[in-house]
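J.: Before we start, here is the structure in question, set down as structure tokens.
The values are calculated or read from the model by the stated rules, or taken from the named source; none is laboratory data. All values derive from a computational prediction rather than experimental measurement. Don't worry about glycine lacking a Cβ; one is built from the backbone with ideal geometry, like all the others, and counts go over all protein chains shown.
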Amino acid sequence: MRVTLVNLHPKGGMLHYACELANALAQFSEVEVSVVFSRAARRDLLDPGVSRIDVDLPKSSALADLIVGLPHLLDVRQVSRAVMKTRPSVVHFTNSHVFSDIQLRSLSRHFPLVRTVHDVVSHLGEERRNFDKKRGRMFRYFGKIVVHREDLRQRILTMYPHLTADRVAVSPHGDYRLFLRWAGSRSREPRRVLFFGRIREYKGIQHFIAAAPLVRAAVGEVTFAIVGFGDLRPFHRALSDQSLFEVHNSHIPDEAVSAQFEAASLLVLPYLEASESGVMKIAKGFDLPVIATDLEAFRHAIDDGETGVLVRPADPEKLAEAISTLLLNDTKRAAIAQKAKERNDDGGSWVEAARRLIKIYRDLCDQVSARDIL
């Protein structure tokens, strides 16, 4: 079976996801794996067994990059041509991208298509109605839709009644251990609390910021590190306290990620909404204790008080209490990290994700073959 994964995001979580999945699929002898990537994507995250074809897209949304990339943007069929070169049995779009989405109709005439949906619903701060309607129209091109948990499968079937149950499947999301290749640069700081990732309204960073002075009052000297790109202007005054906050408001290169997770005592995910969290998948690779809000996405991954701590969303006081409790109790913090590690040893596997996807691919190919015969 020849499987082609398509991911046009040149950096960040979507690139990491596609690389980890491609590497896992390539471990199965019955699968030949190819990827279609942006030429701007780094080249050292794929194993030798994965073939790669590049397409030319702007490196970013910056005006200079868009101008340079304009001739390639006008070549709207380059993704289709790249996919054709791989001669796939099935094509798996590991995420959505405007430049591949416009070619779905054409590709669906030639190949069975699969799509991973990471966020079943649009998030707070996004234009939900238009987002959901547009995505619902695109789903008609895919023989299989893949989500990461059964509750998300039920949710998507409810949201989009035109999807039959056999078209929506579940495959787990593996842990991001790829960052361990850059580990070893920093020692863990006993009172360093980390918020990591893109700054978006639904991630509840305002509650992380509001909890910080309450934690300092309870434990004394502490550092709240905010590491990620996004708009922090609404919090400029609060974040001006450099004795409390350390801010790296930019995109973090892959090589610098491990240092942040090695140095922290805790990762805090104060989200107001979540379908899944790639940031939590990174923390698992570093055995870093996690405090998260009591949402289904985190409830699924954390046994409260055992492998992490869950707190009520939008409650800075309860969040501060949970952070303070763990910062003041090294033994409890270590026990949570150890139990989380034991749980991770038999879960979070990309190989298991690949195994399930291979079955999904085969089922889809069999369905297409049966229709052709009829």
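J.: Before we move on, is R237 out of contact with any Phe, Trp or Tyr (no Cβ under 7 Å at 6 or more places or on another chain) and within 25 Å of R149 (Cβ to Cβ)?
T.: Judged against the criteria, R237 is not a match.
J.: Something else about it: Could you go through the stretch 113-122 and let me know if any residue there is at pLDDT below 85, on the phi < 0 side of the Ramachandran plot and not aromatic (F, W, Y).
T.: yes
J.: Can you list the helices (runs of 4 or more DSSP H) lying wholly within the stretch 78-120 that have 3 or more residues being assigned by TED's automatic domain parsing to the domain that holds T158 and free of Cβ contacts under 8 Å to residues at least 24 places away in the same chain?
T.: Output list is empty.
J.: Name the one entry in D241, D254 that is over 19 Å from the mean Cα position of the chain (by Cα) and modelled with pLDDT of 95 or more.
T.: Answer to the selection: D241.
J.: Scan the stretch 249-276 residue by residue and report those that are aliphatic (A, V, I, L, M) and assigned to a loop (DSSP other than H, G, I, E, B).
T.: To start, the set of residues in the stretch 249-276 that are aliphatic (A, V, I, L, M) comprises 252, 256-257, 259, 263-264, 266-269, 272, 274.
The answer is I252, A264, L272, A274.
J.: Let me ask something else about it. Is there a residue being at pLDDT 95 or above, under 19 Å from L113 (Cα atoms), under 18 Å from the mean Cα position of the chain (by Cα) and surrounded by 18 or more Cβ atoms within 10 Å (Cβ to Cβ) anywhere in the stretch 45-67?
T.: No - not one qualifying residue is present in the stretch 45-67.
J.: Also: Would you be able to tell me the number of residues in the stretch 185-230 that are modelled with pLDDT under 95 and charged (D, E, K, R)?
T.: 6
J.: Quick check, is L232 on the phi < 0 side of the Ramachandran plot, under 18 Å from the mean Cα position of the chain (by Cα) and either in contact (Cβ under 8 Å) with a residue 60 or more places away in the chain or surrounded by 14 or more Cβ atoms within 10 Å (Cβ to Cβ) (or both)?
T.: no
J.: Kindly check whether there is at least one residue in the stretch 312-320 that is in a helix (DSSP H, G or I) and charged (D, E, K, R).
T.: Taking every residue of the stretch 312-320 in turn, at least one turns out to be in a helix (DSSP H, G or I) and charged (D, E, K, R).
J.: Would you mind telling me which numbered condition in (1) over 23 Å from the mean Cα position of the chain (by Cα); (2) modelled with pLDDT under 95 R343 fails?
T.: (1)
J.: Is it the case, given these coordinates, that I323 is under 21 Å from R186 (Cβ atoms), modelled with pLDDT of 95 or more, aliphatic (A, V, I, L, M) and more than 21 Å from the chain's Cα centre (by Cα)?
T.: In short, yes.
J.: Got a sec? Which of P190, P172 is within 30 Å of A217 (Cα to Cα) and either touching a residue at least 40 places away in the same chain (Cβ under 8 Å) or not in a helix (DSSP H, G or I) (or both)?
T.: Values: P172 fails: within 30 Å of A217 (Cα to Cα).
Going through P190, P172 in turn, just one is within 30 Å of A217 (Cα to Cα) and either touching a residue at least 40 places away in the same chain (Cβ under 8 Å) or not in a helix (DSSP H, G or I) (or both): P190.
J.: Can you pull out every residue in the stretch 2-47 that is touching a helix residue (DSSP H, G or I) at 6+ places or on another chain (Cβ under 6 Å), part of a loop (DSSP other than H, G, I, E, B) and aliphatic (A, V, I, L, M)?
T.: Within the stretch 2-47, L8, V31, A41, L45, L46 meet the criteria.
J.: Taking the stretch 288-318 on its own, how many of its residues are surrounded by 15 or more Cβ atoms within 10 Å (Cβ to Cβ) and closer than 28 Å to R181 by Cβ?
T.: Qualifying residue count for the region: 11.
J.: Right, another one. Among the residues of the stretch 292-309, which ones are closer than 15 Å to E273 by Cβ and outside any loop (DSSP other than H, G, I, E, B)?
T.: Once the filter is applied, which keeps residues that are closer than 15 Å to E273 by Cβ and outside any loop (DSSP other than H, G, I, E, B), the stretch 292-309 yields A292, T293, E296, A297, F298, R299.
J.: Scanning for something small (G, A, S) and surrounded by 23 or more Cβ atoms within 10 Å (Cβ to Cβ), does the stretch 323-343 turn up at least one residue?
T.: Taking every residue of the stretch 323-343 in turn, none turns out to be small (G, A, S) and surrounded by 23 or more Cβ atoms within 10 Å (Cβ to Cβ).
J.: Something else now. Just checking, does the stretch 362-370 include any residue being at negative phi, assigned by TED's automatic domain parsing to the domain that holds D151, at pLDDT 90 or above and β-branched (V, I, T)?
T.: no
J.: Shifting gears a bit: Could you list, in sequence order, the residues of the stretch 277-291 that are part of a helix (DSSP H, G or I), of a type outside the set (K, R) and closer than 24 Å to A212 by Cα?
T.: Hits for the stretch 277-291 are G278, V279, M280, I282, A283.
J.: A further question on this structure: What is the residue count in the stretch 158-184 for residues that are loosely packed, with under 13 Cβ neighbours inside 10 Å, at pLDDT 90 or above and either under 30 Å from A322 (Cβ atoms) or of a type in the set (A, V, I, L, M) (or both)? Spell out how you get there, then give the answer.
T.: Keep residues of the stretch 158-184 that are loosely packed, with under 13 Cβ neighbours inside 10 Å, which gives 158, 161-162, 164-166, 181, 184.
Within this subset, residues satisfying the condition of being at pLDDT 90 or above are 158, 161-162, 164-166, 181.
This time we only want the ones that are either under 30 Å from A322 (Cβ atoms) or of a type in the set (A, V, I, L, M) (or both), so: 165.
Number of matching residues: 1.
J.: Any residue in the stretch 330-342 that's touching a residue at least 40 places away in the same chain (Cβ under 8 Å): show its pairings with residues that are surrounded by 12 or more Cβ atoms within 10 Å (Cβ to Cβ) and assigned to a helix (DSSP H, G or I) at Cβ separation under 9 Å, as long as the two are six or more apart or on different chains.
T.: What qualifies is R333/L326; R333/L327; I336/L326; A340/A283; A340/K284; K341/K284.
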